[in-house]
1. Between Ser55 and Glu215, what's the calculated FRET efficiency when r is the beta-carbon distance and R0 is 25 Å? Round to 0.05.
2. Among the listed pairs Lys7/Lys207; Lys164/Lys278; Lys27/Lys275; Lys27/Lys278, which are separated by more than 32 Å between their Cα atoms?
3. Would you kindly state the longest site-free stretch of the chain, with sites defined as chymotrypsin sites (Phe, Trp or Tyr not before Pro) in a DSSP loop (not H, G, I, E, B) surrounded by at most 13 other Cβ atoms within 10 Å?
4. Can you tell me which of 40-47, 177-184, 4-11 comes out highest on packing, and rank the rest after it, using the mean Cβ neighbours within 10 Å?
5. Any idea what the dipole of the range 2-239 comes to, in debye rounded to 20, about its Cα centre with Lys/Arg Cβ at +1 and Asp/Glu Cβ at -1?
6. If you build a Gaussian network model of the chain, linking Cα atoms that sit under 10 Å apart, which residue out of Thr106, Thr145, Thr68 swings the most?
7. Taking Cα atoms, how many degrees apart are the long axis of helix 241-256 and the longest axis of the chain, rounded to 10 and kept between 0 and 90?
8. Computed from the coordinates I sent, mean projected area of the Cα convex hull in nm² equals one of (i) 15.8; (ii) 15.1; (iii) 13.5. Tell me the label.
Amino acid sequence: MYQETLKRGGVAVVTGSANGIGRVAAKRFAQAGLHVVLADLSGDALNSALQEVRSAASPGIEVIAIPTDVSDANSVNVLADTVFAVGEVAVLMNNAGIARPCTSWTQTDNWCELINVNLFGVLNCIQAFLPHMIEANRPAVVINTGSKQGFTNPPGNAGYNTSKAAVKAMSEMLAHELREADAPISVHLFVPGFTYTNMIASFMPEKPAAAWSSEQTVDYFLERMAEGDFYVLCPDNEVTPERDRRRLQWSAQDVIQNRPPLSRWHPEFKEAFGKFEKPTE
C-alpha cells in the first residue's frame, strides 16, 4: 500500500515532528516526493525541523509547519482543516508522545498528561482525519507510534505502559475496521527499539552503544511497512528480532499458564526466563 501511495503523491502529516523519529520520518517522506506537514508544539525545535526538512525535500515538494497540541481536539481539527486545504492525505503518522514518571497510585497529573497526549493525541488525529481520508477513497497509510512497553509492560512506569498498550489496541481495531469498510487505507504499528532521541538524551548525554539512531529506526520501519507489515518491532544494537519474539512469547504465556503477572521480572522465574530468552547461550 505504501508504494502505491507514493505513486499517487499527496500530503504526509507527521505529529511530534520537531525532533527525533518524527523529524527524520518527515524528512524521508519529503525525499520520497510527498508534501509534508510538520505538526508539533510551537517553538525553536519546530522551526528548525521545518528548515531541515525543506532543505532535504525533493524538487517541487512543499513543506509547512503547523503548531499543534495533539491533546487538544480543537487544535487537531484546525490542523486537519488546514491540511485538507493543501491536498489529500497520503500518510498520517501519529507520532507525538511524551514520557512522565508515575506509579499506579501516584502522580495523577502525570497520568492525565500521558493519556491525553499518548492516547487521545492519536485518537484526536484519527477522528479528525479518517472520515475525509475514507471519503477520498485513495490509497493511504496510517502510522501509529507505539512502544515495546505497550507489549511486555516492564515495571517502572505504569502510566506510559498503559498509554502505549492502548495505542496498540486502538491500532489493531482501526486496521480491522478499515478492512471491513473496504477502505484503501493500511494501518501500521511502529514500535521503535532502543532509539537515541532527544527524550533519551535529556538523561543520557552520550548515545549508548546499544541504541540505534533515529535514522536507523525510521529506515527499518519504512522498509518493513513497504512489505506490508502491520506490527513493526524495530531491533537495536542489543535486542534482535528473535529476542523480541521470545520476550513477547513469554509475556503471552503468563496468561496462558496463569503465572504471576510480569513473571519475567519475578524472582521465582528469573532463571527460567533467562534460559527461555537466550536458549543457545
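1. The value I calculate is 0.95.
2. Among Lys7/Lys207; Lys164/Lys278; Lys27/Lys275; Lys27/Lys278, the Cα-Cα distance tops 32 Å for Lys7/Lys207; Lys27/Lys275; Lys27/Lys278.
3. On the way: sites that count: Trp105, Phe203, Phe230.
In short, 1-104.
4. On the way: 40-47: 15.1, 177-184: 13.1, 4-11: 16.9.
Most protected by this proxy first, the peptides run 4-11, 40-47, 177-184.
5. Dipole about the Cα centre, nearest 20: 220 debye.
6. Thr106
7. Rounded to the nearest ten degrees, it is 60.
8. Step by step, mean projected area of the Cα convex hull in nm² for this structure corresponds to label (i).
FYI, it's all coordinate maths here, none of it is from the lab. Please read these numbers as outputs of a predicted model, since none were measured by experiment. No Cβ is skipped: glycine too gets one built from the backbone with ideal geometry, and neighbour counts run over all protein chains shown.
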